[in-house]
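One structure is given here, and the rest of the page talks about it.
The values are calculated or read from the model by the stated rules, or taken from the named source; none is laboratory data. Computed from a prediction, not measured in an experiment: that's the story for all the values here. Here Cβ is always computed from backbone atoms with ideal geometry, including for glycine, and neighbour counts include all displayed protein chains. Calculation scope for accessible area: heavy atoms of the full protein, side chains included, ligands and nucleic acids excluded. Shrake-Rupley method; radii C 1.70, N 1.55, O 1.52, S 1.80 Å.
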Amino acid sequence: MENATDPAHVAHSHHGVIGSRYTDHRMDISLQGPVRTGGFKTLVAPVESSGIPPYEVTYVAPCLVRWDRGPTITLNIIPTRKGWVRIFVNFAGPKGSDRTRPDIPGMPPLVGFILDQLDKHIWLQHISTQNPIIDGDTLFMHAAERTLYERGDHSSWSKQYYMPATADAAVITWRKWLDKFGNSLPVLPRTAADLPPALPREQVFDRYNQHTKHCPHCKAALRNAEIAIGTVAVLAAVASASFVVAAINAAAALPAAAGAAAAAGSASVTTVGLWLVANLAGLAAAIAAVGGVIVAGLLKLRQQFIFEDYVHAEH
């Protein structure tokens, strides 16, 4: 929840996905009104050179965060047990509008067109943007939560971290809300012993069990990818084998044809026969290569629904 209220982390945690750490992403975040039991509201003012107008981020206790920039982005973050949450993200444009994403100043029209096409194919949108966005935060939060509790408890954050920038205001405000109003939340860990064991990367980024098997779009896409892998592999093998058999038969018939041609004083049959054998063998190899490339691409696509490691240094 702390992460969802904090716009300042986006360009750094999600570099190469929905932001860039190399551009100027300074921002001032200020509290709008008092912090109440029901939550709080902040005003985010990005640096002028970013071209992004000011927008509001609202925390509605205990599980909802709303970003009002272009289409409204709502994040319902539902704790399922200590150390685990389920996230539901929605984009709501103005009434009567078909807009499903916020405006991004300076975005080339072609990029905008591609993003609009992604919106029409939910599974493609999930594996290309939404899952990588979550992956960019997951390991950080998994480790940071344990570091916090190993050194104290949830209320010791102000002693463990120095956050003097105005961009830290959202994190500080949410932590203060938690200290004042959230102590009775049943899913709030009290000590490090309340947290599940630290997980290996294979489980942290276990995309199948965390997302695919629960998402009808991705589950169907995975099934289609597996069907396509088998179909392409079989068709490529059959086609390639057919041309290999044809080349072998042509090669087997070549000596007899060459003998008859020699008796007739002509070498053209031998030349044509060699050309035919070479081309049939070449076609077999080409079909096998093309089939292999397609299957390799489909296997890579399949992996996107099962497990995809996320290394920040590679983004």
With charges only on Cβ, +1 for K and R and -1 for D and E, what is the dipole size of the range 112-214 about its Cα centre, in debye, rounded to 20? 240 debye
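Please go through the residue pairs 120/300; 176/219; 180/219; 82/159 and name each one whose alpha carbons sit more than 32 Å apart in this structure. Before the final figure, lay out the partial values.
Working: 120/300 22 Å; 176/219 40 Å; 180/219 42 Å; 82/159 23 Å.
Table pairs above 32 Å Cα-Cα are 176/219; 180/219.
Largest first, how would 147, 212 line up by accessible area (1.4 Å probe)? Could you put the intermediate results ahead of the total?
Working: 147 45, 212 0 Å².
The ordering from most to least exposed comes out as 147, 212.
Just to make sure I understand: if all protein chains stay in place, what is the order of 36, 302 by accessible area at 1.4 Å, largest first? Show your work: numbers first, answer last.
Numbers: 36 150, 302 75 Å².
From most exposed to least exposed: 36, 302.
Note down the net charge around residue 137, summing +1 for each Lys or Arg and -1 for each Asp or Glu among other residues with Cβ under 13 Å from its Cβ.
Working: positive: none; negative: 2, 6, 135, 145.
Summing Lys and Arg as +1 and Asp and Glu as -1 gives -4.
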For the range 149-206, what % of the accessible area comes from carbon and sulfur atoms, probe 1.4 Å? 56 percent
Once R0 is set to 30 Å, what does the formula 1/(1 + (r/R0)^6) return for the Cβ-Cβ distance between residue 88 and residue 293, expressed as a FRET efficiency to the nearest 0.05? 0.20
Calc'd 3J(HN,Hα), the range 4-9, phi into Karplus 6.51 cos²θ - 1.76 cosθ + 1.60 (θ = phi - 60°), Hz, glycine/Pro = x, comes to 5, 7, 10, x, 5, 7
If the label point is 7 Å along Cα→Cβ of residue 185, which residues in the range 70-93 have backbone nitrogen under 16 Å from it? 75-88
Short version: ³J(HN,Hα) in whole Hz for each residue of the range 152-165, in order, from phi by Karplus 6.51 cos²θ - 1.76 cosθ + 1.60 (θ = phi - 60°), x for Gly and Pro, what are they? x, 10, 5, 8, 8, 4, 5, 8, 8, 10, 9, 10, x, 7
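If the viscosity is 0.890 mPa s and the temperature 25 °C, what translational diffusion coefficient in µm²/s does Stokes-Einstein give for the range 1-67 when Rh comes from Kirkwood over Cα pairs? List each step's numbers first, then the result.
Working: Rh = 12.8 Å.
Here the translational diffusion coefficient equals 192 µm²/s.
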Keeping all protein chains in position, work out how much accessible area residue 60 exposes to a 1.4 Å probe, and write it in Å² to the nearest 10. 50 Å²
Ignoring everything but the protein chains, give the 1.4 Å probe accessible area of residue 232 in square angstrom, nearest 10. 40 Å²
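Nearest-5 percent of antiparallel DSSP beta bridges in the range 1-99? Please report the intermediate quantities before stating the final value.
Numbers: 31 of 32 bridges.
In the range 1-99, approximately 95 percent of DSSP beta bridges are antiparallel ones.
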Solvent-accessible surface (1.4 angstrom probe) belonging to residue 145, in square angstrom, nearest 10: 50 Å²
